[in-house]
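Peer 1: First the structure, which I've put down as structure tokens, then a few questions once you've had a look.
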Amino acid sequence: MIRAGIIGATGYAGGELTRILLGHKNVEIKWYGSKSYIDQKYASVYRNMFCLVEDVCRDDHLQALSDQVDVIFTATPQGFLASVLDERILSKVKVVDLSADYRIKDVAVYEKWYGIEHKSPQLIDGAVYGLCEINREAIKRARLVANPGCYPTCSILSLYPLLKEGLIDPSTIIIDAKSGTSGAGRSAKTANLFCEVNENIKAYSVTGHRHTPEIEEQLSYAAKQPVLLNFTPHLVPMNRGILVTAYASLKPDATSALPTSEQVRAAYERYYKEETFVRVLEPGICPETKWVEGSNYVDVNFQIDPRTKRIVVMGAMDNLVKGAAGQAVQNMNLMFGQKEDEGLRWAPLFP
């Protein structure tokens, strides 16, 4: 039995981690860390856990809590884990971090985009970027996994085969993404009030969203060259879900011929045919958030526009599951030699 602890257990991602881990046959949650609700019953914060979780919330003292578990999930604000994690903790437990503290390899880039000093840059090189479909073998050997962001997960998985196979021009990528309000977290913010969000859709952090360098870094590895792109997120009035629509120019081969739909589909099949949680939809079917809600699946598809010689790539997923907690559990399974889909085998919710 894997003993798990969750720091940040009362945020949306932490609550989703609790829900998923309670259904994992090989995991026991030993403690729930939440600085905002110390000594309060967890079920009083999330009443869906009434009669399911009897524990009270503890503080976030990582050193003391690490003696009691095998793995720690940190669903915390940026900068928290980097300020407290050290070799002594990592010698005792494995860590899956849902923040951005160890996702970006260049410390200067992290500090520029997040506006804070990184307190443990010496640990960055040893952290593995936890996108299981791409870094599976490295994750199996990891003691510190940087769980990817929600927008990056959907964006990277949607575009990855095209860049790996050299089917698109990396300099032409534009990503338009939309997310439900849970992606903004559970803290009180005027911009997230019902009257502000309902009957509205808006772009935000235009040309400056923090997930941009994460997406660029990972797609650069796929393309084997630097990738510079436009990423624009939008907030939509729904609880869960991310929809990515990405655009890029097709790259002609040596004979000046452009990739065909058959060639592109073959590339997606090569990378995702054996993947449990990436579903390549049938031709002509566009991904929709309602068909992945509450699940760890990512639905992807594409459409070639012969008139503009561009490709439109689409991806949909649940930002709290595959975009956060579900992916974290998928990573934990790999780190502890479990079946990768253990605790994650359920169909999307509908309606």
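Peer 1: Using θ = phi - 60° and the Karplus relation 6.51 cos²θ - 1.76 cosθ + 1.60, list the HN-Hα couplings for segment 218-228 in order, rounded to whole Hz, with x at every Gly or Pro.
Peer 2: Using θ = phi - 60°, the values come out as 6, 6, 5, 4, 5, 7, 6, 6, x, 10, 10 Hz.
Peer 1: With each label point set 7 Å from Cα along the Cα-Cβ vector, what nm distance links HIS234 and MET1?
Peer 2: Spacing of the two 7 Å Cα→Cβ label points: 4.8 nm.
Peer 1: On to the next question. Assign unit charges at the C-beta atoms only (+1 for Lys and Arg, -1 for Asp and Glu), then state the dipole size of the chain relative to its Cα centre in Debye, rounded to the nearest 20.
Peer 2: On the way: 39 positive and 41 negative charges, 29 e Å.
It works out to roughly 140 debye.
Peer 1: Between GLY337, GLY180, GLY33, find the one with the highest GNM mean-square fluctuation for the chain; connect C-alpha pairs within less than 10 Å.
Peer 2: GLY337
Peer 1: Label 7 Å along Cα→Cβ of GLN303; segment 129-168 residues with amide nitrogen under 20 Å?
Peer 2: 155, 158-160, 162, 168
Peer 1: Still on this model: Decide, for segment 128-216, between rounded, prolate and oblate: order the square roots of the alpha carbon gyration tensor eigenvalues as a ≥ b ≥ c, take rounded if a/c falls under 1.5, and otherwise choose prolate if a/b is larger than b/c, else oblate. Mind dumping the intermediate values first?
Peer 2: Details: a/c = 2.92, a/b = 1.49, b/c = 1.96.
Cα axes put segment 128-216 in the oblate bin.
Peer 1: Quick one: which of 308-314, 64-70 comes out on top by average Cβ neighbours within 10 Å, and what's the full order, highest first? Each step should come with its number before you reach the end.
Peer 2: Details: 308-314: 18.1, 64-70: 15.9.
Output ranking for 308-314, 64-70: 308-314, 64-70.
Peer 1: Counting only residues 5 or more places away or on other chains, whose amide H sits under 5 Å from the amide H of TRP31 once H atoms are built in the peptide plane?
Peer 2: It is ILE6, by chain and number.
Peer 1: Nearest-5 percent of antiparallel DSSP beta bridges in segment 151-318?
Peer 2: Numbers: 25 of 34 bridges.
If I count the DSSP bridges inside segment 151-318, around 75 percent turn out antiparallel.
Peer 1: For segment 25-82, place one equal point scatterer on every Cα, skip the solvent, and apply the Debye formula. What is log10 of I(q)/I(0) at q = 0.14 Å⁻¹?
Peer 2: -0.42
Peer 1: Also, I was wondering about something else. What's the center-to-center distance, using Cα atoms, between segment 126-151 and segment 2-55 in Å?
Peer 2: First find each Cα centre; the distance between them is then 23 Å.
Peer 1: To continue, here is another question. Read phi for every residue in segment 194-209 and hand back ³J(HN,Hα) as whole Hz from Karplus 6.51 cos²θ - 1.76 cosθ + 1.60, θ = phi - 60°, with x for Gly and Pro.
Peer 2: 3, 5, 7, 9, 4, 6, 8, 9, 8, 7, 8, 6, 5, 6, x, 6
Peer 1: Of the candidates TYR160, TYR204, TYR110, which one comes out as most mobile in a Gaussian network treatment of the chain with C-alpha springs shorter than 10 Å?
Peer 2: Highest fluctuation among the options: TYR204.
Peer 1: Report, for segment 6-112, the % of DSSP beta bridges that are antiparallel, rounded to 5.
Peer 2: On the way: 1 of 11 bridges.
Of those bridges, close to 10 percent are antiparallel.
Peer 1: Related question: Name the long-range amide H neighbours of LEU320: under 5 Å, sequence gap of 5 or more, or other chain; modelled H, no Pro or chain starts.
Peer 2: So LEU320 has HN proximity to GLY241.
Peer 1: Sticking with this structure for a sec: What is the extension gain from ARG136 to GLN68, computed as 0.36 nm multiplied by their sequence separation minus the C-alpha to C-alpha distance, in nm to one decimal?
Peer 2: Working: separation 68, 0.36 × 68 = 24.48 nm, distance 2.70 nm.
Roughly 21.8 nm would be gained on extension.
Peer 1: Taking N as the number of residues in segment 61-191, what value does Rg over Cα atoms divided by 2.2 N^0.38 Å take? The partial results should precede the final answer.
Peer 2: Numbers: Rg = 16.4 Å, N = 131, 2.2 N^0.38 = 14.0 Å.
Relative to the rule-of-thumb radius for its length, segment 61-191 sits at 1.17.
Peer 1: Mind checking the log10 I(q)/I(0) for segment 214-260 at q = 0.16, 0.26, 0.30 Å⁻¹? Debye, one equal scatterer per Cα, no solvent, two decimals.
Peer 2: The computed values of log10 I(q)/I(0) come out as -0.69, -1.07, -1.13.
Peer 1: Now a separate question. For ASP341, enumerate residues with amide H under 5 Å from its amide H, sequence gap 5+ or separate chain, H modeled in the peptide plane.
Peer 2: Excluding prolines and chain starts, which carry no amide H, there are no hits.
Peer 1: What lysines does LYS25 reach when the alpha-carbon gap must be under 25 Å and sequence neighbours fewer than 8 apart in one chain are set aside?
Peer 2: Straight-distance partners of LYS25: LYS41, LYS92, LYS94, LYS140, LYS322, LYS339.
Peer 1: Per-residue HN-Hα couplings for segment 87-101, Karplus 6.51 cos²θ - 1.76 cosθ + 1.60 at θ = phi - 60°, whole Hz, x for Gly and Pro?
Peer 2: Karplus values, whole Hz, x for Gly and Pro: 5, 5, 5, 5, 6, 9, 9, 9, 10, 10, 9, 8, 8, 8, 4.
Peer 1: Less than 18 Å apart at the alpha-carbon level, and either on another chain or at least 8 residues along: which aspartates and glutamates does that give for LYS251?
Peer 2: GLU165, ASP169, GLU262, ASP305
Peer 1: Kirkwood hydrodynamic radius, computed over distinct alpha-carbon pairs, for segment 151-318: how many Å, to one decimal?
Peer 2: Values: mean 1/r = 0.0604 Å⁻¹.
The answer is 16.6 Å.
Peer 1: What does the charge count near LEU228 come to, summing +1 for each Lys or Arg and -1 for each Asp or Glu among other residues with Cβ under 13 Å from its Cβ? Present the calculation step by step, with values, prior to reporting the outcome.
Peer 2: Numbers: positive: none; negative: ASP169, GLU216, GLU217.
Neighbour charge sum, excluding LEU228 itself: -3.
Peer 1: Just ALA138, ALA248, ALA75 to compare: in a GNM of the chain, with alpha carbon springs under 10 Å, which one fluctuates most?
Peer 2: So, out of ALA138, ALA248, ALA75, the one fluctuating most is ALA138.
Peer 1: In a solvent-free Debye calculation with one equal scatterer on each Cα, what is log10 I(q)/I(0) for segment 2-126 at q = 0.19 Å⁻¹, listed in the order of the q values?
Peer 2: Log-scaled intensity ratios, in q order: -1.02.
Peer 1: If eta is 0.890 mPa s and T is 25 °C, what Stokes-Einstein diffusion coefficient results for the chain, Kirkwood Rh from Cα pairs, in µm²/s?
Peer 2: Details: Rh = 20.7 Å.
It diffuses with D of about 118 µm²/s by this estimate.
Peer 1: Give the order of MET238, MET1, MET317, MET49 when sorted by the count of other beta carbons within 10 angstrom, beginning with the fewest. If you can, show how the numbers build up before the last one.
Peer 2: Details: MET238 15, MET1 9, MET317 34, MET49 19.
Least crowded to most crowded, the residues run MET1, MET238, MET49, MET317.
Where a number appears in this text, it was derived from the coordinates with a stated rule and is not lab data. As the structure is a computational prediction, the values presented were derived from the model and not from experiment. Note that we place each Cβ from the backbone using ideal geometry, even for glycine, and neighbour counts take in every protein chain shown.
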